Each structure stands twice: as structure tokens, then as C-alpha cells.
Amino acid sequence: MPFEPGELVAVAKRDGVEVARDVLRTAGQAAEVRLSREEIGALAFVTAEVVDSAGVLVPSAEQELTFTVTGGTLLGTDNGKQDSAENYQSATRKAFAGKALAIVPRGADVQVAMAAPKRPSATTADASYSGSAETQPANMIDGDPTTAWSNHYVKEATGLLPAISVAHARDWVSVSWPEPRAVEAVELTFVVDTAHAVPASIEVSTSDGTRYAPVRSQQGDPAPTTRITFDTVTTNSLRVDLRSLAPGETNGFLGVHTLKAG
């Protein structure tokens, strides 16, 4: 059936009597943000929905939403995207499926501003985990050798638990492009200091659009600056799995200054 914008209505009946109804409407361009809140105990959960001019949720919306809180402190943000590397305590959060969430103290007032849609850049980067807001994946491809992605983190002590900062066993970083291209190597420059070490192993995988699979004939060893080669693949995304040299220790964190594929 060819696509046509409009309204799709599903009606459930029992013995000829309607018992449920659901309506799905075609969304237009993102126009504004609609806020709703639910207060549970001492907390308020404020949902931001990107909607069109008719108030229909825009499920493809991925605009950055910036939350401003008065009468309290922003406790956290989320968007339901499980593989997001965004900081959960940042006031800015990208919408996912048209939605984002802010958590604030009960009674606090929340306002939200929506950024204009960004055009896809030539190259984007991602990671399985980022240790802080200052060490995000974009630092690997910003052209500045002094910045870096890192999984180094410090969880401050609480009344019940001591401070903790120990290396993950492994994490991954990735680089993607809008259109597929031929790639035969990836170059990485790692962070090496008292907290970070060169990884124990590196495994490069390529995406076919639905899943990642290891490249063939990978050559190259971990080093502060290394070039990993493999059989040429045509893809729009590469993932690099990194295994820590000292998992569970304070000096086995992983960091990448630069990530280039070509």
C-alpha cells in the first residue's frame, strides 16, 4: 500500500462493542516542545515531547533540548536511548523518538528550549561509555590533538559508599559517515598518563547497516599511535573494540585523542 499522510485508527471490539481505540497521525515538522510532569515522592519527572504545529508528536525528532530549572536543581536527564553516550547530568539532551526527560525536585519549575535541527556532519563519533562531559566521542574527530574521548570516571563518596574510579574491562568507540565509503585502515592516537594506558587489544568491526562484524585480515598492534589495516570494506561505520590492559585498576582507563579511518 503506498504511503499517504493522514490518520490511522485501530479499534478493538468485543462482541461488537468497542473496548479500545488508538490513533496514529502523521507528524509534520517539529514546531515546539510540550511539557508534562509527574510528581512521585520528593521528585518530579518532566517529559519533553517535540510536537508539530498541530500538537502531534514527531517521532523522528532528535533536536537538542536544553532544560532550565528554577526553584531547585536539575538532578538528571535521559531520553531512553540505551546506547547514548550523553552525560546524564547535563542540562542539554538530544530527543530520542521525539522525547526527553528531566528529573528535578518536587515543586521546581522547568523550562525547555529546542535547538534548530543540525545538518549531519561529514563524520560523527560515538562510544559505549564516556567518563565525563569533557571527554565525549566528538573529541576524537575535532582535529584538536589536545582533546580526547575517555572512559575515565570518578564516582564521589556517599554516606554509605566510598569513592570509586576503576577501569572497565572493555569499551568501544566508533566513527560513521552519511554515505558508505571504501575503508582499509584506521589510525588511533591513545591517551597515555597515570590513569590511561594503551589497550591490551584492538578489534575493528564494520557495519552492514544492521550489525557489526569483525573485519578480515586485521594487521597492527596496540601502541600510543597505531595504524590498523584490514581488507578493504565499503561501509558507513567502523567500530573499534578496546580491551583494558588493567581492568578493575586505577591505571587501566582507555582514552583516544584521534580516530581516523581511510
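The values are calculated or read from the model by the stated rules, or taken from the named source; none is laboratory data. Computed from a predicted model, the values in this text were never measured in an experiment. Reconstructed Cβ throughout: ideal geometry from the backbone, glycine too, with neighbour counts over all protein chains shown.
Summary of values
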| read-out | value |
| --- | --- |
| Listing of strands (runs of 3 or more DSSP E) fully contained in region 183-262 that carry 3 or more residues being within 14 Å of ASP171 (Cα to Cα), at pLDDT 95 or above and under 26 Å from the mean Cα position of the chain (by Cα) | 201-207, 225-243 |
| Condition met for VAL186 (in contact with a Lys or Arg (Cβ under 8 Å, 6 or more places away or on another chain) and closer than 22 Å to GLY143 by Cβ) | yes |
| The lone exception for LEU101 - which of (1) over 15 Å from the mean Cα position of the chain (by Cα); (2) in a strand (DSSP E or B) it fails | (1) |
| From the options GLU64, GLU32, residue that is over 21 Å from ALA133 (Cβ atoms) and of a type outside the set (A, V, I, L, M, F, W, C) | GLU32 |
| Set GLY107, GLY72, GLY131: member being out of contact with any helix residue (DSSP H, G or I) (no Cβ under 6 Å at 6 or more places or on another chain), without any contact (Cβ under 8 Å) to a residue 60 or more places away in the chain and either in a loop (DSSP other than H, G, I, E, B) or not basic (Lys, Arg) (or both) | GLY72 |
| Cross-chain or 6+ apart pairs with Cβ under 8 Å, region 234-262 first and without any contact (Cβ under 8 Å) to a residue 60 or more places away in the chain, then surrounded by fewer than 17 Cβ atoms within 10 Å (Cβ to Cβ) | THR234/PRO180; THR234/ARG181; THR234/ALA182; THR235/PRO180; THR235/ARG181; THR235/ASP208; LEU245/ALA200 |
| Qualifying residues in region 75-88 (those that are in contact with a Leu (Cβ under 8 Å, 6 or more places away or on another chain) and in a loop (DSSP other than H, G, I, E, B)) - the one surrounded by the most Cβ atoms within 10 Å (Cβ to Cβ) | ASN79 |
| Residue, farthest from HIS196 (Cα to Cα), within region 206-262, restricted to residues that are surrounded by 15 or more Cβ atoms within 10 Å (Cβ to Cβ) and of a type in the set (Gly, Ala, Ser) | SER207 |
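Listed here are the residues, each with its yes/no results for (1) out of contact with any strand residue (DSSP E or B) (no Cβ under 7 Å at 6 or more places or on another chain); (2) closer than 19 Å to GLN89 by Cα; (3) of a type in the set (Asp, Glu).
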| position | (1), (2), (3) |
| --- | --- |
| VAL112 | no, yes, no |
| ALA127 | no, yes, no |
| ASP144 | yes, no, yes |
| LEU160 | yes, no, no |
| HIS168 | yes, no, no |
| ASP171 | no, no, yes |
| VAL175 | no, no, no |
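One line per residue, one yes/no per condition, for (1) surrounded by fewer than 17 Cβ atoms within 10 Å (Cβ to Cβ); (2) closer than 30 Å to SER174 by Cα:
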{"position": "LEU43", "(1), (2)": "yes, no"}
{"position": "PHE67", "(1), (2)": "no, yes"}
{"position": "SER90", "(1), (2)": "yes, yes"}
{"position": "GLY107", "(1), (2)": "yes, no"}
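Listed here are the residues, each with its yes/no results for (1) over 23 Å from ASN251 (Cα atoms); (2) in contact with a His (Cβ under 7 Å, 6 or more places away or on another chain).
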residue: HIS152; (1), (2): no, yes
residue: TRP172; (1), (2): no, no
residue: ARG181; (1), (2): yes, no
residue: PRO199; (1), (2): no, no
residue: GLU203; (1), (2): no, no
residue: GLY209; (1), (2): yes, no
residue: PRO222; (1), (2): no, no
